[in-house]
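One structure is given below, encoded as structure tokens.
The values are calculated or read from the model by the stated rules, or taken from the named source; none is laboratory data. No experiment lies behind these values; they were computed from the predicted model shown. Positions of Cβ are backbone-derived with ideal geometry, glycine not excepted, and every protein chain shown enters the neighbour counts. Ligands, DNA and RNA are excluded from the accessible area calculation, which covers all protein heavy atoms including side chains. Shrake-Rupley method; radii C 1.70, N 1.55, O 1.52, S 1.80 Å.
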Amino acid sequence: MRESIIMKIHYGTALGAVALVAVHILMRMSQKFSDSLQYQNVIANYHFLPYALMLEAVLILLSVHGFNGLRVILLELKQGSTYEKMINYGSLAAMAALIAYGSRTILMAGMGVS
Amino acid sequence: MAVVAAPKPSEESNAKTTNQPNTITLRIARSNPSEGQESAFSEFQIPVQKWTTVLEAILYVKQNLDHSVAVRYSCRQASCGSCGMKINGRPALACYTKISELNSNIITVEPMNNFPIIRDLAVDFKQLIANHKKMKPFIIREDSEVTSESKEFIQTPQDLEKFLQFSYCIKCGLCNSACPTMATDTSFIGPQGLAQAYRYVADNRDKGKDDRLKIIDDSHGIWRCHFAGSCSHVCPKGVDPAMAIQLLRGYLLGFKK
Ligand code: HEM
Ligand code: SF4
Ligand code: FES
């Protein structure tokens, strides 16, 4: 992929995350912080489909942004074609793994398997 | 009519006392990597005047104290770009830095960062020149302005303004030596090359924009700049490579055609 496309995704995911994390924080402020961590309330979040979908979106945006950012740091740290290939594929794998693991949590809690 | 009077003898002797040479300590980093010789400082006592430049102090050492000091220079007037080095920790041209403006009696000169050292203060410019050439630093277009029918290409003062400052680059490499990305990313094009890419992209006579944008849109290209801005801070010719990089990004992000 062209580097400019990757960086457009990087900036886009950052902007998207700012918007969605703001909603996430506002939702947390709808009740006392300690209440928001109560078991029933946490599970209720996942049962509310629009909010669960938003959490999934935040997960995807920040996984993509975070691991691409890490990829950039590592590419600037050391150079070499094998190393760079490893970093490029490694960060894609890490993104996919984190998204899969997080989605599993969101899905299981949403379906009441917990 | 203005009358220019010759200085009276008393004034002349006054001027002499204020221009008494001062003595400073010049510390020169010496190394010879090809012989496995690590960096160590040689210290010299140098008489200096108000106007003595760092390059003149180094040449004083070569003439009178130790001729083996390796230093590259040519024009002595900030136009050839040969004498870049770290002076009291800051990248600068030795011929364009007066000892008196450094406000210190100890002057330390070291080779520029982010370049391989050849010996002492002389560094290797191969990569800078290669990256500069990679930017196709010339006007690209099919037609030529020298045919009998064609006239010269019109360029208004506004057209010129768009790239003029970037054409002042003397390839001294100070910007690259100040760049934090260059410190670890040996494949990064660097501020010098990117500023030159912009210089030609912004020239209304040039048709090579797409070529150049493709070259800089690489995993070690323009996106590895994180806007530290040190390049623009140290440039002795008033070039602002950090701005050139942001303007080039405008094209790549679709803000500019
Ligand atoms: C939501 C707020 C965020 C915004 C607006 C944001 C914005 C940005 C921008 C613009 C860059 C590029 C910087 C550059 O190229 O110099 C960047 C880089 C980076 N971001 Fe984020 N980011 C945010 C959150 C995060 C989070 C939560 C993480 C960790 C998961 C993260 C990890 C990184 C990393 C590792 C880099 C690469 C370092 C760098 O280039 O300086 N960011 N971010
Ligand atoms: S942009 Fe300035 S600092 Fe960089 S090489 Fe050109 S003249 Fe030197
Ligand atoms: S000797 Fe030419 S720029 Fe300093």
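Of the chymotrypsin sites (Phe, Trp or Tyr not before Pro) found in the range B:34-141, those in coil by DSSP whose Cβ has at most 14 other Cβ atoms within 10 Å are B:Trp51, B:Phe138. Note on B:Lys134: lysines with a C-alpha under 21 Å away, same-chain residues under 8 apart excluded, are B:Lys126, B:Lys171, B:Lys207, B:Lys209, B:Lys214.
Of all the stretches in chain B, which is the longest one without any exposed loop site, taking GluC sites (Glu not before Pro) in a DSSP loop (any state but H, G, I, E, B) with at most 13 other Cβ atoms within 10 Å?
Numbers: sites that count: B:Glu142, B:Glu145, B:Glu149, B:Glu152.
Formally, the longest exposed-site-free interval is B:1-141.
For B:Ser144 and B:Arg90, the FRET efficiency from 1/(1 + (r/R0)^6), where r spans their Cβ atoms and R0 equals 45 Å, is about 0.50. Heavy-atom accessible surface of B:Met243, to the nearest 10 Å², is about 80 Å², with a 1.4 Å probe and all protein chains retained. Surface composition of the range A:70-111: carbon and sulfur atoms hold 75% of the protein heavy-atom accessible area at a 1.4 Å probe. Charging the Cβ of each Asp and Glu at -1 and of each Lys and Arg at +1, and nothing else, the dipole of the range B:21-123 about its Cα centre rounds to 280 debye. Sparsely packed loop sites in the range A:12-76 (the chymotrypsin sites (Phe, Trp or Tyr not before Pro) outside DSSP H, G, I, E and B with at most 16 other Cβ atoms within 10 Å) comprise A:Phe48. Basic side chains Lys and Arg get +1 at the Cβ, acidic Asp and Glu get -1 at the Cβ, and with that the dipole of the protein assembly as shown about its Cα centre reaches some 200 debye.
Here the spin labels are modelled as points 7 Å beyond Cα on the Cα-Cβ line, and at A:Ala14 and A:Ile73 they lie 1.4 nm apart.
Report, to the nearest whole %, how much of the accessible area of the range B:21-123 belongs to carbon and sulfur atoms, 1.4 Å probe, protein only.
Values: 2300 of 5230 Å².
Here it works out to 44 percent.
Take every Cα pair under 8 Å in chain B that's 6+ residues apart, average their separations, divide by the length, and report that relative contact order as a whole percent.
Working: 412 pairs, mean separation 41.6, N = 257.
This gives 16 percent for chain B.
Full extension from B:Glu101 to B:Phe153: what is 0.36 nm times the residue separation minus their Cα-Cα distance, to one decimal in nm?
Full extension of this stretch gives 14.3 nm more.
Considering helices alone, the calculated mean residue ellipticity of chain A at 222 nm is -29500 deg cm²/dmol, with DSSP H runs of length four and up weighted by -39500 (n - 2.57) and normalised per residue.
Placing pseudo-labels 7 Å out from each Cα toward the beta carbon at A:Val23 and B:Asp210 gives an inter-label distance of 3.9 nm. If R0 is taken as 25 Å, the Cβ-Cβ distance between A:Ala52 and A:Ala96 corresponds to a FRET efficiency of 0.80.
Where a ≥ b ≥ c are the square roots of the eigenvalues of the C-alpha gyration tensor, would you call chain B rounded, which needs a/c under 1.5, or, failing that, prolate if a/b is larger than b/c, or oblate?
Numbers: a/c = 2.56, a/b = 1.50, b/c = 1.70.
Oblate shape, in that a/c is at least 1.5 and b/c is the bigger or equal ratio.
Chains A and B together bury some 1300 Å² of accessible area, summed over both sides, with a 1.4 Å probe.
Simple rule: put +1 on each Lys or Arg Cβ and -1 on each Asp or Glu Cβ in chain B, find the dipole, and look at B:Leu252, B:Ser39, B:Ile118; the Cα lying farthest toward the positive end is B:Leu252. Applying a DSSP loop filter and a limit of 15 other Cβ atoms within 10 Å to the trypsin sites (Lys or Arg not before Pro) in the range A:15-114 leaves A:Lys32, A:Lys78. Since only B:Ile189, B:Asn204, B:Asn176 are under comparison, the one whose Cα sits farthest along the positive direction of the charge dipole of the range B:175-257, derived from C-beta charges on Lys, Arg, Asp and Glu, is B:Asn204.
Bridgeable aspartates and glutamates around B:Lys257 (alpha carbons under 20 Å apart, same-chain partners fewer than 8 residues away excluded): A:Glu3, B:Asp159, B:Glu161, B:Asp203, B:Asp206, B:Asp210, B:Asp211, B:Asp217, B:Asp218.
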